[in-house]
Amino acid sequence: MTARSITYAAAIHEAIQTAMTLDERVICYGLGVPDPKGVFGTTLGLQEQFGAERVFDMPTSENAMTGVAVGAALAGLRPVVTHQRVDFFLLAMDQLVNSAAKWRYIFRGEMAVPLTIRLVIGRGWGQGPTHSQSLQAWFAHVPGLKVVMPSLAADAKGLLLASIADNNPVVFLEHRWLHNQAGAVPEGDYRVPLGKAAVLREGADVTLVGMSFMTMEALRAAEHLAGRGVTCDVVDLRTIAPLDWDTVLGSVSKTGRLLALDTSWITGSVAGEIVARAATECWEALKCAPQRLGLPDFPVPAGYSLTRGFYPTACDVVRKVEQMLGRELGAEALAIPADEHHDVPGEWFKGPF
Amino acid sequence: MTSDVAPQTAIDLLRRMERIRLLEEAIAERYPEEKMRCPTHLSTGQETVPSAIGVALRRDDQVFSTHRSHAHYVGKGGDLGALVAELYGKAGGCCGGRGGSMHLSDRSVGFVASTAIVANSIPLAVGAALANRLLGNGRVGCALFGDAAVEEGVFSESVNFAALRALPVLFVCENNQYSVFTHLRDRQPAGRRIHEMVAAMGVRTVVGDGNDALAVLAAVEDAAAHARNRKGPVFLEFATYRWREHCGPFYDNDLGYRTAGEFEAWRARDPVARLEGELVSRGDLDAAGLRSLQESVRAEVAAAFDVAEASPFPPAADAYRELFVAQDGMPSQGSHTE
Ligand SMILES: Cc1ncc(C[n+]2csc(CCOP(=O)(O)OP(=O)(O)O)c2C)c(N)n1
Ligand SMILES: [Mg+2]
């Protein structure tokens with residue numbers, strides 16, 4: 001299959017379109033799905049193509065509409081439900097956690113819940129405390145949920161198709177700052193298996209583990225470090241649950257140094273879990289204490305000056321590696337210049353939205 | 001029935017509406033400067049209900065609001081400089097820059113807070129009413145929200161509890177027909193009248209033209225008296241229309257989710273111009289009086305932007321404070337710890 005360069009958002013669009021073409025049991029709904037903006041472009045034209053019975057807007061009723069999706073999945077459909085922020089989806093935790101996640105298990109494997117929930121995470125432009133949370137650790141904590149966090153455009157497509165094909169509830173978290181990133185994406189029914197991490201870059205000295213937008217920071221840091229003679233394995237988790245421990249721990253065993261990066265608060269984070277597993281299972285191989293980087297344990301403020309420094313960047317990654325290796329590696333070269341805006345990923349991302 | 005509104009009250013109402021209109025126009029004009037780096041939900045065209053709430057309720061009645069918060073805050077009498085400074089993310093903002101446009105607060109005028117998740121603050125107003133009842137302070141709680149909020153379970157749950165306990169709370173729905181780009185017809189069944197649905201839950205309901213300021217004022221005064229007199233909650237639904245895009249300073253009728261005809265019909269029913277005309281014809285104001293009222297509001301708005309511009313950015317370290325209260329709040333009787 002050929003690949004061409006399209007954006008992460010277009011890749012998501014293509015995944016839904018492909019799934020809906022392959023299987024007419026796939027339906028797609030959520031606030032704004034058929035509206036003129038089409039959930040950041042990811043659902044544009046789908047209603048025209050597949051009809052209003054399969055693609056539709058919904059009332060502002062997140063909890064009920066999640067339960068409706070669970071019921072529809074039990075009855076034979078394969079719903080793909082979208083929410084423009086993970087924060088809005090918090091109203092639906094009951095249906096997700098008490099129903100979707102447990103159904104298969106409680107009823108002795110007799111029923112399945114093939115359900116995909118797309119949730120947008122992100123940050124920037126003063127969205128503040130209740131519009132920029134990143135709650136993958138909550139979902140990953142619940143047995144019975146699969147949790148997916150693509151970083152690259154190709155994986156956004158391949159993992160979403162695999163999520164829709166999966167017969168279990170999958171929480172699919174898309175980072176808004178990645179939507180505009182382009183990459184080579186295969187055409188057609190391209191699937192990337194859930195539960196498999198990708199090693200995006202190989203090295204000998206340090207293992208950087210990233211997810212979603214933090215993988216981008218890891219790649220930037222690794223590029224910089226390579227210029228200073230420090231080579232890194234960059235492991236892109238892609239799936240948070242089930243997590244690909246073989247790949248992560250294999251890399252840590254090889255390099256002996258782990259830095260786990262997270263898009264969310266550090267306490268109770270996925271990065272914390274990775275550090276714990278590395279400490280318990282790779283103890284002999286470790287050359288220094290395993291480390292992690294995430295957000296400070298405070299709500300995200302809206303204000304411009306308050307968010308400066310709130311999110312770890314490639315510069316912080318290199319600083320951490322400097323500490324781990326005990327030498328200076330020129331981290332400052334990666335610092336965001338004082339005259340550059342830290343609250344947007346580029347000119348394309350700007351209020352209002 | 002609306003002509004018995006005293007001239008001073010009517011002028012107060014108009015002043016609040018002009019404040020909202022002129023402030024929002026200034027925000028829209030200056031937003032492209034990219035100094036207000038946060039989402040902004042403007043209420044141009046919807047000035048009436050927030051202003052009537054501000055006039056009809058007592059200063060210490062507690063108002064809770066939504067993402068479309070500026071008008072609600074200004075209507076209740078919130079400080080303009082602290083609002084604009086909040087949009088700028090400045091230290092002088094009402095939340096010191098932590099909240100941004102969707103989280104406003106001015107407790108000195110009973111505007112407790114706005115929050116950004118649809119229907120999130122509705123039960124908080126009910127909780128305020130519960131406290132008011134227990135504390136016997138005679139205050140009324142008030143939740144402002146849009147037509148989409150009634151689709152959330154927490155709305156029905158809140159109304160049910162308020163009705164059950166006959167709590168002193170007003171539920172005020174500004175029905176502008178839209179949730180972002182989505183019209184009511186795609187969210188609620190045809191023929192649904194929101195106030196009828198709520199009436200069936202056992203609370204008193206009122207429905208009215210949300211662009212008729214004097215009528216809205218009378219309705220809110222009446223409802224507040226009802227709630228304050230321990231007769232139970234009131235649900236008020238007012239039909240109105242947002243002129244600009246859902247979020248941001250621009251007009252977006254070109255996107256095709258609503259027709260130019262619909263927009264023009266509502267714009268022709270400009271609630272601010274209408275009240276101006278009514279006050280002039282009632283003789284409460286002459287043309288010069290109206291001009292000077294507008295000029296003084298313009299000056300207030302300009303001063304608010306000056307406050308915001310002059311206020312410093314809070315230092316980044318301010319983000320890492322005030323997560324918890326350090327002291328306990330309950331009196332002790334020689335209590336002991338482990
Ligand atoms: C629980 C939740 N779902 C979705 C959103 C996204 N959202 C923000 S404002 C809005 C529209 C709400 O419409 P309405 O209540 O009618 O208020 P209006 O914007 O018309 O004033 C939506 C859907 C949200 N903030 N919270
Ligand atoms: Mg509305």
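The values are calculated or read from the model by the stated rules, or taken from the named source; none is laboratory data. These numbers come from a predicted model, not from an experiment. FYI the Cβ positions are ideal-geometry reconstructions off the backbone, even for glycines, and counts take in every protein chain you see. Accessible surface is based on the protein model in full, side chains and every heavy atom, while ligands, DNA and RNA are left aside. Shrake-Rupley method; radii C 1.70, N 1.55, O 1.52, S 1.80 Å.
Please enumerate, by chain and number, the lysines with C-alpha under 27 Å from the C-alpha of A:Lys146, excluding those fewer than 8 residues away in the same chain.
Candidates past the 8-residue exclusion: A:Lys102, A:Lys157, A:Lys196.
What is the list of residues in the stretch A:4-28 whose amide nitrogen lies under 16 Å from a point 7 angstrom out from the Cα of A:Asp189, following Cα to Cβ?
Within reach of a label on A:Asp189: A:15-26.
Under the Kirkwood approximation applied to all pairs of distinct alpha-carbon atoms, what is the hydrodynamic radius of the stretch B:177-244 in Å? Working shown, then result.
Numbers: mean 1/r = 0.0744 Å⁻¹.
Evaluated on the stretch B:177-244, it is 13.4 Å.
In the stretch B:27-46, which residues give up 30 Å² or more of accessible area once the other protein chains are added, compared with their chain alone (1.4 Å probe)?
Listed in order, they are B:Tyr31, B:Glu34, B:Arg37, B:Pro39.
Would you list which lysines come within 22 Å of A:Lys287, measuring only between C-alpha atoms, while excluding same-chain residues fewer than 8 positions from it?
A:Lys254, A:Lys320
Chains B and A: buried accessible surface, both sides, probe 1.4 Å, rounded to 100 Å²?
Values: alone 15410 and 14490 Å², together 26850 Å².
Summing both sides, the interface buries roughly 3100 Å².
Which FRET efficiency value, to the nearest 0.05, do you get for B:Ser335 and A:Thr2 by plugging their Cβ-Cβ distance into 1/(1 + (r/R0)^6) with R0 = 51 Å?
With a Förster radius of 51 Å, E is 0.10.
Run the reach check for B:Lys35 against aspartates and glutamates, Cα to Cα strictly under 19 Å, same-chain hits fewer than 8 apart removed. What comes back?
Excluding near neighbours in sequence, the set is A:Asp339, A:Glu340, A:Asp343, A:Glu347, B:Glu24, B:Glu25, B:Glu86, B:Asp306, B:Glu309.
One quarter of the convex hull surface, Cα atoms only: what value does that give for the stretch B:20-80 in nm²?
4.3 nm²
Using bins 10 angstrom wide from zero, how does P(r) for chain A break down, in % of all Cα pairs?
6, 25, 34, 24, 10, 2, 0
Antiparallel DSSP bridges in the protein assembly as shown: what percent, to the nearest 5?
The antiparallel fraction comes to roughly 20 percent.
Report the trypsin sites (Lys or Arg not before Pro) located in the stretch A:112-167 that are in a DSSP loop and have at most 15 other Cβ atoms inside 10 Å of their Cβ, or state none.
On the way: sites: A:Arg118, A:Arg123, A:Lys146, A:Lys157; in loops: A:Arg123.
Taking the stretch A:112-167 and a limit of 15 other Cβ atoms within 10 Å, no loop trypsin sites (Lys or Arg not before Pro) are found.
Which is the longest run of chain A containing none of the GluC sites (Glu not before Pro) found in DSSP loop states (not H, G, I, E, B) with at most 16 other C-beta atoms within 10 Å?
The longest such stretch corresponds to A:203-327.
How are the alpha carbon pair distances in the stretch A:211-353 distributed across 5 Å bins from zero to the largest one, expressed in percent?
2, 9, 18, 22, 21, 14, 9, 5, 2, 0, 0
Cut-off 10 angstrom, C-alpha nodes, Gaussian network model of chain A. Which of A:Ala100, A:Ala198, A:Ala75 fluctuates the most?
A:Ala75
To the nearest 0.05, how large is the calculated FRET efficiency for B:Ala166 and B:Arg269 if R₀ is 56 Å and r is the Cβ-Cβ distance?
Taking R0 as 56 Å, the efficiency between B:Ala166 and B:Arg269 is 0.95.
Which value, in Å to one decimal place, does the Kirkwood hydrodynamic radius take for the stretch A:53-94 when every pair of different Cα atoms is included?
Computed over Cα pairs of the stretch A:53-94, the Kirkwood hydrodynamic radius comes out at 10.9 Å.
Taking every Cα atom in the stretch B:217-338, find the radius of gyration and the maximum pairwise distance Dmax, and write them in Å.
So, for the stretch B:217-338, Rg and Dmax equal 24.5, 73 Å respectively.
Have a look at A:Thr267, A:Thr215, A:Thr82 and tell me which one the Gaussian network model of chain A (Cα, springs below 10 Å) gives the largest fluctuation.
A:Thr267
If you line up the Cα atoms of the stretch B:245-309 on their principal axes, what length do they span on each, largest first, in Å?
40, 39, 12
Please state the Cα pair-distance histogram of the protein assembly as shown with 20 angstrom bins from zero: what percent is in each bin?
Distribution as computed: 17, 47, 30, 6, 0 percent.
Using only the Cα atoms of the stretch B:2-320, each taken as one equal point scatterer with no solvent, compute I(q) by the Debye sum, divide by I(0), and report log10 of the ratio at q = 0.08 Å⁻¹.
Debye intensities relative to I(0), on a log10 scale: -0.34.
Grab the eigenvalues of the alpha-carbon gyration tensor for the stretch B:138-262, scale each by 5, take roots, and send me the semi-axes largest first in whole angstrom.
The equivalent ellipsoid of the stretch B:138-262 has semi-axes of 28, 16, 12 Å.
Any idea what Rg and Dmax come out to for the stretch A:1-45 if you just take the C-alpha atoms, in Å?
Using the Cα atoms of the stretch A:1-45, the pair Rg, Dmax is 11.3, 33 Å.
Taking every pair of distinct Cα atoms and averaging 1/r, then inverting, what Kirkwood hydrodynamic radius in Å comes out for the stretch B:49-163?
Taking every pair of different Cα atoms in the stretch B:49-163, averaging 1/r and inverting gives 14.1 Å.
Roughly how many nanometres apart are two label points built 7 Å out from the Cα toward the Cβ at A:Met93 and A:Tyr105?
Label at A:Met93, label at A:Tyr105, 1.7 nm between them.
Note down the Stokes-Einstein diffusion coefficient of the stretch A:1-116 in µm²/s, whole number, using a Kirkwood radius over alpha carbon pairs, 37 °C, and 0.692 mPa s.
220 µm²/s
Please sort through the DSSP H helices of chain B and keep those with an alpha-carbon extent of at least 30 Å along the long axis and a Kyte-Doolittle average not below 0.0. Mind showing how you got there, number by number?
Numbers: long enough: B:7-30 (34 Å, -0.41); B:287-310 (34 Å, 0.37).
Membrane-span-like by this criterion, though nothing is claimed about a membrane: B:287-310.
Tell me, which residues of the stretch B:99-134 get at least 20 Å² less accessible area when the other protein chains come in, versus the chain alone (1.4 Å probe)?
Output list: B:Met102, B:His103, B:Ala116, B:Ile117.
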